[in-house]
Amino acid sequence: MNTFAPFLVVIVLAAFLFGLVFSEKPVEERVLRLLPAEGNFSFLIKVPGVGEEGEGVITEIGVTVEPDGEGRVLTDIEDMLFFTDTQNSIRTARDVAQDVTGIDLSRHDIVYTIRANASVIEGPSAGAAIAVATIAALEGLELNPEVMITGTIRKDGSIGRVGGLLEKAQVAENHGAKLFLVPESGVPLGGFEYKRDVKCGAEWGFEVCETSYVSADSGCGLGIEVKEVSNVEEALEYFLLEEE
């Protein structure tokens, strides 16, 4: 009897594990869609950047999607120094756009055209803008030209920190932007001071006040509003034009 007991335990354990494995629901695979064979799938976005001398510059990034393709990412960039540190941003932005739109980009080619009035500019900080422009091209969206964005793009669609925010905000304002989107960072724009936020309320007959210091997003004296965004989908909400 003692010899049979361990064998019985093994059988019961195996049956339990077998039940766990086959009781799990199968994972549903996401079905990606394709673009129509005909149509104009393109978009042009203006992106504030920082030039070699630390000055603010505007870069124009064009995105054109070719419906009949092989999943290639093609670039037309006038400055190879910009091209070197922008390759990864472009590919990541493309992958994020596929995740957001659900469009199978392995069957479509995308051509990125980048023009900047500078010899060298900060490449990775255009990642978020490239993702937004790619999504707009794929979905045929009309975006608000008075909104600009800076920030790197990560594979999960989140937007990463960048430098030169003050210079970028100034050049964005000079080119007609009224809203400038920046990454969430907890760091005030351009190294400015935090603003003091005091909230008071009654508690047990006493007035209790709490003081906190938050990142000032008012533009810090600039004539442009500054907002922090955490990911590309949140950024898109600010870019989309309100329906009349």
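Throughout, read-outs are computed from the coordinates displayed, never taken from laboratory work. For clarity, every value in this text was computed on a predicted model and none was experimentally measured. So basically every Cβ, Gly included, is an ideal-geometry build from the backbone, and we count neighbours across all protein chains shown.
Suppose R0 equals 30 Å. What FRET efficiency, 1/(1 + (r/R0)^6) with r the Cβ-Cβ distance, do THR113 and SER230 give to the nearest 0.05?
Working: r = 28 Å, r/R0 = 0.95.
With a Förster radius of 30 Å, E is 0.60.
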Taking R0 as 41 Å, what FRET efficiency do you get between GLU146 and TRP204 from their Cβ-Cβ distance, rounded to the nearest 0.05? 0.25
Which of VAL63, VAL232, VAL162 has the fewest Cβ neighbours within 10 Å, and the rest in rising order: VAL162, VAL63, VAL232
